[in-house]
Amino acid sequence: MSSSDAFQNPKSLMILPFMGKFYDAFAEPLAWVGFRALIGLALVYESIAKIEAPFAQAGFVESIGFYPGWFWSPFLAYLQFVGGIAIAIGFLTRPFALANAVMLAITLWFHVAHPYGDAFLTSAGMDFLKSAPQDVFTPAALSLFKGGGTPFLEQVQEKAEMLSLMWTGGALFLAAFGGGPWSVDRLLIKREF
């Protein structure tokens, strides 16, 4: 089975064969647009703060081995911003998705290799929580602050890892399969990488 066969709807395999044309002509192309928009616009949204301060992450990127930081920090910010727009509209989808997938895979590695830690509240912070009026926090919120905030940080860590994993997977999917039938690559350029 070729990769193009994976996205076909043969009538012999369908419970409602008359829906095949609808899926092929409308539902699947629309799903590609929605998926591209989700991945691309999320990249754009997350890049806005980086675009506003392009050198702000210079120290961070150097700390994970990308030298010089003054080059990599703005480069990655603009890659995420421009790449996100390109992915959303389906322009040069594969190269931009692959480049962003590599960046996102490094982000995933960072979240796994450098967890948030065990606690973020000091003993003074814990004393404040104990002395605060009972109506300031709900019982469920207070339970997240036990042990200095360990349950809260575990949730934050899990969400960071899961979001990075989903974004990396989405970008890799688009790098492998391209932007779909309703993309600038296929509709205007009539070619893909």
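The values are calculated or read from the model by the stated rules, or taken from the named source; none is laboratory data. In this text, all values refer to a predicted model and were calculated from it rather than measured experimentally. Note: ideal-geometry Cβ built from the backbone for every residue, glycine included; neighbour counts use all protein chains shown.
Checked against the criterion of being in contact with a Ser or Thr (Cβ under 9 Å, 6 or more places away or on another chain), among the aliphatic types (A, V, I, L, M) and in a loop (DSSP other than H, G, I, E, B), the candidates 86, 56 yield just one match: 56. Is at least one residue of region 129-142 in contact (Cβ under 8 Å) with a residue 12 or more places away in the chain and touching a helix residue (DSSP H, G or I) at 6+ places or on another chain (Cβ under 6 Å)? Checking region 129-142: not a single residue is in contact (Cβ under 8 Å) with a residue 12 or more places away in the chain and touching a helix residue (DSSP H, G or I) at 6+ places or on another chain (Cβ under 6 Å). Beta carbons closer than 8 Å, at least 6 apart along the sequence or on distinct chains, pair a first residue in region 89-104 that is more than 23 Å from residue 29 (Cβ to Cβ) and assigned to a helix (DSSP H, G or I) with a second that is among the small types (Gly, Ala, Ser) and at pLDDT below 95 for 104/164.
Being surrounded by 14 or more Cβ atoms within 10 Å (Cβ to Cβ), more than 27 Å from residue 7 (Cβ to Cβ) and under 14 Å from the mean Cα position of the chain (by Cα) holds for only one residue in 73, 47, and it is 47. When residue 115 is tested against the conditions (1) modelled with pLDDT of 95 or more; (2) within 30 Å of residue 141 (Cα to Cα); (3) over 14 Å from the mean Cα position of the chain (by Cα), the lone failure is (1).
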